[in-house]
């Protein structure tokens, strides 16, 4: 069995830290946490995480300085850092990315989007990480296998683009849950994806067409976004 990927959560808000920790562990990651910048640096050396989720406004040492020190040390420079912070101004985001962060997630955030961004970040820095650990999803007569990157409807393979596949998997993980276009963009965007609301509509339309009559289960929620109809409805 492959060793679990390790993620360090450095966050001084206990409720947010526990929420993130719980969902990361539930997804299959090994997780450690720290409540301030100094202990975050110390645990990085001991735990050797594959990725660090880092708040900015923390006691003892703020996240920007933590990130800069990590990137200045040859031992820790290669560990990807993702900021998750309430500092949402454009200047804050630029400062965070310039400090060496791989990504920047603004609070409040969707846990689903956070997990998607974590997966994307890990794939980007380590292309050998595959989707094999993600579960095969079954929805009505549809089967989606992320390890094989296949989708079958009544046993017949569906020819999907990489973005269409990510979109279908994203919606099928929690049927009935409504996602905004922004959440969908964050979760499924790839190199072949134009980051606009209109691009989401185009991808959904293309996916519906390939699914044929089954496409009616992807519902438009006016003024919000999209969802996959609950399986029992």
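So which residues in segment 214-233 are outside any strand (DSSP E or B) and surrounded by fewer than 16 Cβ atoms within 10 Å (Cβ to Cβ)?
Passing the criteria: 215, 216, 222, 223, 224, 229, 230, 231, 232, 233.
Are any residues in segment 68-100 closer than 22 Å to residue 184 by Cα and in contact (Cβ under 8 Å) with a residue 40 or more places away in the chain, and if so, which ones?
84
May I ask you to list the residues in segment 74-97 that are more than 21 Å from residue 17 (Cα to Cα) and in contact with a helix residue (DSSP H, G or I) (Cβ under 7 Å, 6 or more places away or on another chain)?
Within segment 74-97, 76, 77, 95 qualify.
Can you find even one residue in segment 29-39 that is under 15 Å from the mean Cα position of the chain (by Cα) and either under 13 Å from residue 9 (Cβ atoms) or assigned by TED's automatic domain parsing to the domain that holds residue 15 (or both)?
yes
Within segment 100-194, which helices (runs of 4 or more DSSP H) (wholly inside it) include 2 or more residues that are under 29 Å from residue 66 (Cα atoms), at pLDDT 85 or above and in contact with a helix residue (DSSP H, G or I) (Cβ under 9 Å, 6 or more places away or on another chain)?
111-125
The values are calculated or read from the model by the stated rules, or taken from the named source; none is laboratory data. Please read these numbers as outputs of a predicted model, since none were measured by experiment. With ideal geometry, Cβ positions are generated from the backbone for all residues, glycine too; neighbour counts draw on all protein chains shown.
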